[in-house]
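S.K.: Here it is, the structure in full.
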Amino acid sequence: MAASNDKGDRRERELVNELDEAGFAVMRAPASGSATERELPDVLAGDGEDFYAIEAKSSAGDPIYLDGEEVEALLFFSRNFGARPRIGVRFDREEWYFFHPADLYTTDGGNYRVKRETAIAEGTDFAELVGHSEKVRLDEVGDDGPDSATLDILAAFERGDLSREEAAEMLE
């Protein structure tokens, strides 16, 4: 019988491998959680400029809950270690999304929650975390909205006149 942590462990290893491929020095904290007296984050990663202490959570369902004490321990460790604290969440068939703990919804009981739709809409994606892109939100675009050429391309894509790749190439 497989241990209940197998999927979580596999997701943590996946995150470690992705960070390594992105050029970060990275390690998965052995026996993080209940196997040690010290509260350690799941993953430590740095590239000489950015240093992260990451608590990684994954779920097939929705939402992901985090214990308030676990988040406080991450903040304490991060502050003492000199790393940026991040909560990394991964829902099945989705990518990793990252949050500073202060940006998470806090429940009445002092715990934290991340819903799938919140992760997708508001989370920092992997490329942005490692510095390969920068997310631009609709409210940052401005009141003018897209120009008419952009709207024409989007309308052509919506009608099926252009493939996703053709539309993306035209919008670059």
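S.K.: Is it the case that Pro41 is part of a loop (DSSP other than H, G, I, E, B), in contact (Cβ under 8 Å) with a residue 24 or more places away in the chain and in contact with a Leu (Cβ under 6 Å, 6 or more places away or on another chain)?
M.R.: Numbers: part of a loop (DSSP other than H, G, I, E, B): yes; in contact (Cβ under 8 Å) with a residue 24 or more places away in the chain: yes; in contact with a Leu (Cβ under 6 Å, 6 or more places away or on another chain): yes.
Yes; evaluated as a whole, the condition is true for this residue.
S.K.: Have a look at Tyr112, Tyr97, Tyr105 and point out the one that is loosely packed, with under 14 Cβ neighbours inside 10 Å and either of a type in the set (Ser, Thr, Tyr) or at pLDDT 95 or above (or both).
M.R.: One residue alone meets the criteria, Tyr105.
S.K.: Residues being touching a helix residue (DSSP H, G or I) at 6+ places or on another chain (Cβ under 8 Å), outside any strand (DSSP E or B) and within 19 Å of Ala25 (Cβ to Cβ): count how many of those fall in the stretch 84-131.
M.R.: Result for the stretch 84-131: 2.
S.K.: Can you name every residue in the stretch 72-98 that is in contact (Cβ under 8 Å) with a residue 24 or more places away in the chain and either hydroxyl-bearing (Ser, Thr, Tyr) or closer than 16 Å to Gly61 by Cα (or both)?
M.R.: Once the filter is applied, which keeps residues that are in contact (Cβ under 8 Å) with a residue 24 or more places away in the chain and either hydroxyl-bearing (Ser, Thr, Tyr) or closer than 16 Å to Gly61 by Cα (or both), the stretch 72-98 yields Ser78, Gly88, Val89, Arg90, Phe91, Asp92, Glu94, Glu95, Trp96, Tyr97.
S.K.: For the stretch 119-136, indicate whether the set of residues that are among the charged types (D, E, K, R), open to solvent by 70 Å² or more (accessible area, probe 1.4 Å) and modelled with pLDDT of 85 or more is non-empty.
M.R.: Checked the stretch 119-136: at least one residue is among the charged types (D, E, K, R), open to solvent by 70 Å² or more (accessible area, probe 1.4 Å) and modelled with pLDDT of 85 or more.
The values are calculated or read from the model by the stated rules, or taken from the named source; none is laboratory data. It should be emphasised that the depicted structure is a prediction, and the values quoted were computed from it without experimental measurement. Note that we place each Cβ from the backbone using ideal geometry, even for glycine, and neighbour counts take in every protein chain shown. Surface areas here come from the heavy atoms of the whole protein model, side chains and all, with no ligands, DNA or RNA. Shrake-Rupley method; radii C 1.70, N 1.55, O 1.52, S 1.80 Å.
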